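Here is the structure we will look at.
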Amino acid sequence: MKMSPDFHWDTLARNTATRLKRGASHANGKVVAAENIAALLHAVIESGDRVCVEGNNQKHADFLASALSKMDANLVHDLHIIQSNLALASHLDVFERGVASRLDFCYSGDQGVRLARLIKAGKINVGAIHTYLELYGRYFMDLTPRVSLIAAQSADANGNLYTGPNTEDTPAVAEGTAFKNGIIIAQVNEIVDTVPRVDVPGDWVSYVVQAPKPHYIEPIFTRDPAQITETQILMAMMVIKGLYAPYQVTRLNHGIGFDTAAIELILPTYAESLGLRGKICNYMTVNPCPTLIPAIESGFVKGIHCAGSELGMEEYVRARPDVFFNGPDGSMRSNRVFCQIAGHYSDLFIGSTLQVDTQGNSSTATLNRITGFGGAPNFGSESRARRHVSYPWLKAGEESAQATGSTMPRGRKLVVQMVESFREKMSPTFTEKLDAWQLMEDLSLELPPVMVYGDDVTQIVTEEGIAHLHKCSNPQEREQAVRGVAGFTAVGLKRDQRAVDNLRDRGVIQRPEDIGVDVSLATRDLLAAKSMKDLVRWSGNLYQPPNRFRNW
Amino acid sequence: MQTLEFEVGPCANPDRSIGSGLVGVVGSGNLEVLFEPADLNDKVKFVIATSVHGFDETWHAVTRSCAERYRLANLVITINDAGATPAVVSLRLMQAVEEFRGGL
């Protein structure tokens, strides 16, 4: 039956119009003074609204997040917060103070312990924990924001926004909100006559406010080469000689820990000595990690698309427009969604994790703490919708099909977990059962929070060797392959030595000597840069590390 | 500080080319390894000084694995440990063997 002729098809637009009318008295056109922000939020936000507080890895709408958390809960309550990262205290204050009650998110990092406590106390009703792509996908289905509080570098009086290199999630948030008649309020570091580049068109933006302090940015992707260990260098050598070289990996995604930093720092030395320049690591999706500088400067890495930027790398990136995705204004534009998609469909993902079980499932969840997922599951999973071919993809697919007896030719993405058998304080990385199971019970989750599923993993690399899990034909073999590289952990000591020897004979397990890795070379002398100062030197003084990383 | 002392072997087919020497440093998370020849009837003696208690079994496993893999014999191997993980211990032992081979 057709809807009645009196039915309204534009309720959102009409409601938005009344909100903007209420807001008008607190703004001068689109520009709102910082001291009027509380009044504006009370005028345009209604109880029960879905609200996105932009919180990325780098830039945070911290001024607006704080203002939201201080709203009068008698007037506005039961907000449904739909945001990617919970990183600031104010992101949880908003629940503790009763302004918001429901939460859908991706990642919680430092707030993980407090988040778990608030959930147990019934202050937060969690819808789901997502990956970035899932949450942004839902912005365009059932979780469209009614109001989004976002952050940008600068704005003009018409609301045009320049994000600077940390564009990150802003395009996804802005589009999801603006095209469903939502309200966008942007906090900016400065209001200017003309923005250097329009990242968000002004007609999508309802209000702009210059925050009293520039938005908070955390240099979370900077790894000091001085802290890289010889064990990490040994593992990096195995990755280059045992994976990147034979699979001819040219397009890949690196995690952001010290393990992958070690790989980056021995490209100009070790990989160069193997004649691999131009043959591996040409295109990457990763933030502009400072440890990539020597690999870029020596001609290994030709192109990098970034999910976000990194403090101190702005001038270096600006000076390398052939490598990075820079706008007509010269500065980089990052984009988490595109970076995630590019990484998902690349040939290899390599990253680290906190716990791995005997089937290769891994998790960063630890007891009493909810960290969420972020982007790792999308990077670290088989891309089942992939159709274009490449050498590494076909090779991994063929090896996989041989193991399972599949007759349909198909490629496979390389998903590599790079871990030391023990982490600091002798806590074993390998475990019979992930803490994720306990966390599921404690927090009444419906699934254990697994970051990367074992059946998506093709290789585990430890100091003991490489286990090619995709070459295993059944769960028993897979278990022995994991135990066979688990070192002297309890999981490793429980190996069936005969089964492990057999896997080694078949090349399912490879020790350093099996792939010609000389362990005596695994010293810090192999690092192209051994300190932050070395990175600055490689960059021709373009890289400007934040003060906390300077010891000179 | 705790000292562990034990012997591994005898090795049936010893590699007699491994001599004496010192690798590593006693810094946090690291260790120092000293190889000294001795007549031990084709056994290896490990003397381990470590600040971390409760990992005797792990030490036995790591050192036995290295001794068997490299067919070590007639050596006193002294380890001064400052909280190294088994990964670092194994790596350091491997490096010592590589470095002291032919260094009689």
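The values are calculated or read from the model by the stated rules, or taken from the named source; none is laboratory data. This is a predicted model, so every value here is computed, not measured. Because the Cβ atoms are built from the backbone with ideal geometry, glycine has one as well, and the counts that use them run over all protein chains shown.
Using beta carbons and a limit of 6 Å, which pairs, at least six apart or on different chains, have the first residue in region A:501-520 and farther than 14 Å from A:CYS472 by Cβ and the second one surrounded by 14 or more Cβ atoms within 10 Å (Cβ to Cβ) and of a type in the set (S, T, N, Q)?
Going by the 6 Å Cβ cut-off, the qualifying pairs are A:SER520/B:GLN95.
Checking A:MET332 against (1) closer than 29 Å to A:VAL450 by Cα; (2) in contact (Cβ under 8 Å) with a residue 40 or more places away in the chain: exactly one of these is not met. Which one?
In the conditions (1) closer than 29 Å to A:VAL450 by Cα; (2) in contact (Cβ under 8 Å) with a residue 40 or more places away in the chain, A:MET332 misses (1) alone.
Residue-wise test of (1) aromatic (Phe, Trp, Tyr); (2) assigned by TED's automatic domain parsing to the domain that holds A:GLY257; (3) modelled with pLDDT of 95 or more; (4) under 23 Å from A:GLY487 (Cα atoms).
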| position | (1), (2), (3), (4) |
| --- | --- |
| A:ARG336 | no, yes, yes, no |
| A:TYR345 | yes, yes, yes, no |
| A:GLY360 | no, yes, yes, yes |
| A:ASN368 | no, yes, no, no |
| A:PHE373 | yes, yes, no, no |
| A:ASN378 | no, yes, yes, no |
| A:ALA385 | no, yes, yes, no |
| A:SER390 | no, yes, yes, no |
| A:LYS395 | no, yes, yes, no |
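In region A:339-378, which residues are part of a loop (DSSP other than H, G, I, E, B), among the hydroxyl-bearing types (Ser, Thr, Tyr) and under 16 Å from the mean Cα position of the chain (by Cα)?
If the condition is that a residue be part of a loop (DSSP other than H, G, I, E, B), among the hydroxyl-bearing types (Ser, Thr, Tyr) and under 16 Å from the mean Cα position of the chain (by Cα), then A:TYR345, A:SER346, A:SER352, A:THR353, A:THR364, A:THR371 are the ones that fit.
Restricting to strands (runs of 3 or more DSSP E) lying wholly in chain B: which have 3 or more residues that are within 14 Å of chain A (Cβ to nearest Cβ) and surrounded by fewer than 21 Cβ atoms within 10 Å (Cβ to Cβ)?
Correct list: empty, since no element meets the threshold.
Do the conditions hold for A:ALA172, that is, is it under 25 Å from the mean Cα position of the chain (by Cα) and under 30 Å from A:SER381 (Cβ atoms)?
Considered against the rule, which asks whether it is under 25 Å from the mean Cα position of the chain (by Cα) and under 30 Å from A:SER381 (Cβ atoms), A:ALA172 comes out as yes.
Let me spell it out: the conditions are (1) assigned to a loop (DSSP other than H, G, I, E, B); (2) buried (at least 23 other Cβ atoms within 10 Å of the Cβ); (3) β-branched (Val, Ile, Thr), and A:VAL51 meets all of them except one. Which number is the exception?
Result: A:VAL51 fails condition (1) only.
Of the residues that sit in region A:517-552 and are within 14 Å of another protein chain (Cβ to nearest Cβ) and part of a loop (DSSP other than H, G, I, E, B), which one is surrounded by the most Cβ atoms within 10 Å (Cβ to Cβ)?
Only one residue fits best here, namely A:ALA522.
What number of residues within region A:442-497 are of a type outside the set (D, E, K, R), part of a helix (DSSP H, G or I) and under 23 Å from A:ASN378 (Cβ atoms)?
3
Quick test of your reading of the structure: A:TYR453 fulfils all but one of (1) within 25 Å of A:HIS344 (Cβ to Cβ); (2) surrounded by fewer than 22 Cβ atoms within 10 Å (Cβ to Cβ); (3) in contact with a Phe, Trp or Tyr (Cβ under 9 Å, 6 or more places away or on another chain). Name the failing condition by number.
Tallying (1) within 25 Å of A:HIS344 (Cβ to Cβ); (2) surrounded by fewer than 22 Cβ atoms within 10 Å (Cβ to Cβ); (3) in contact with a Phe, Trp or Tyr (Cβ under 9 Å, 6 or more places away or on another chain), A:TYR453 fails exactly one: (3).
Does A:SER406 satisfy the criteria of being within 14 Å of chain B (Cβ to nearest Cβ) and at pLDDT below 95?
So A:SER406 does not fit the description; no.
Could you tell me whether region A:224-236 includes any residue that is modelled with pLDDT of 95 or more and under 20 Å from the mean Cα position of the chain (by Cα)?
yes
Residues that are small (Gly, Ala, Ser) and within 14 Å of chain B (Cβ to nearest Cβ): which helices (runs of 4 or more DSSP H) entirely in region A:218-304 hold 1 or more of them?
Counting at least 1 such residues, we get A:230-239, A:258-266.
Any chance you could count how many residues in region A:74-109 are at negative phi and in a loop (DSSP other than H, G, I, E, B)?
Final tally of qualifying residues: 10.
Provide a single number: the residues in region A:160-180 that are among the aromatic types (Phe, Trp, Tyr) and either part of a loop (DSSP other than H, G, I, E, B) or surrounded by fewer than 24 Cβ atoms within 10 Å (Cβ to Cβ) (or both).
1
Does A:VAL500 satisfy being at pLDDT 95 or above, surrounded by 18 or more Cβ atoms within 10 Å (Cβ to Cβ) and assigned to a loop (DSSP other than H, G, I, E, B)?
The answer is no for A:VAL500.
Scanning region A:467-489 for residues that are within 14 Å of another protein chain (Cβ to nearest Cβ) and of a type outside the set (Gly, Ala, Ser), which turns out surrounded by the most Cβ atoms within 10 Å (Cβ to Cβ)?
It comes out as A:VAL485.
Out of (1) among the hydrophobic types (A, V, I, L, M, F, W, C); (2) closer than 24 Å to A:PRO219 by Cα; (3) modelled with pLDDT of 95 or more; (4) touching a strand residue (DSSP E or B) at 6+ places or on another chain (Cβ under 9 Å), the odd one out for A:ILE256 is which?
All conditions pass for A:ILE256, except number (3).
Looking at region A:110-157, which of the residues that are hydroxyl-bearing (Ser, Thr, Tyr) and assigned to a helix (DSSP H, G or I) is surrounded by the most Cβ atoms within 10 Å (Cβ to Cβ)?
A:TYR132
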